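Only one structure is covered here, and it is reproduced in the block below.
The values are calculated or read from the model by the stated rules, or taken from the named source; none is laboratory data. Owing to the predicted nature of the structure, the values given are computational and were not obtained by experimental measurement. FYI the Cβ positions are ideal-geometry reconstructions off the backbone, even for glycines, and counts take in every protein chain you see.
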Amino acid sequence: MGLFFVVLIQARGLDGGTILGLFLGSTLFLIALIDYRYQIIPDRLLLLVLVVWGGFLGLIYWRFPLQIDLPWANFATGLGLFIFFGLPWWISKGRWIGFGDAKLGGLLGLVFGFPQAIWLVYLAIIGALGFSAGLLLRGRATRKTAIPFGSFLAGSGLILIIWGPVINSFFMRLLL
């Protein structure tokens, strides 16, 4: 975690956005550890991120009301990711994916917005597939073994906090 702090401060300098990134990164790290160990994502941590992020955004908007737009696209992205992960939970009655993953996906969509939330999901799926394939090849898991997907969402969030603009421009160049 200390390495995350050093890399983030080195990449961005120390300002309000970096402090918010340090808080978000610390919370995502904790969520990843808890989800990996217990396969649960605590609502209290999600609510804490929501309150701090909303408070930070509200403070900026209150201080500079005419210089920023409210992030309506972020709200739509958060809702979209919540539905994207919530539908499999609802259809399978929780056998395919947990509801905590849907809530975390929605929160990260709200925080990162479009298109970075799309890259977040892509990185999480690639990470989970690689991890699962490694377990399967070594015989440490079966196709029925539960994988804590929230850990991969949180880990992808950590990556995007530091290298989000670089990853965004890389994928945009590939697509355009």
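Within segment 1-19, if we keep just the residues that are small (Gly, Ala, Ser) and part of a helix (DSSP H, G or I), the residue that is farthest from Leu57 (Cα to Cα) turns out to be Gly2.
The single condition among (1) over 21 Å from Phe114 (Cα atoms); (2) buried (at least 16 other Cβ atoms within 10 Å of the Cβ) that Asp43 does not satisfy is (2). Only residues that are at pLDDT below 95 and more than 12 Å from the chain's Cα centre (by Cα) were counted in segment 107-131, giving 2. Of note, Ile31 satisfies the criterion of being assigned to a helix (DSSP H, G or I), β-branched (Val, Ile, Thr) and modelled with pLDDT of 90 or more.
Just one of (1) crowded, with 19+ Cβ neighbours inside 10 Å; (2) farther than 17 Å from Ile40 by Cα fails for Pro148. It is (2). The numbered conditions (1) surrounded by fewer than 21 Cβ atoms within 10 Å (Cβ to Cβ); (2) among the polar types (S, T, N, Q); (3) closer than 18 Å to Leu123 by Cβ are all true for Ser26 except (3).
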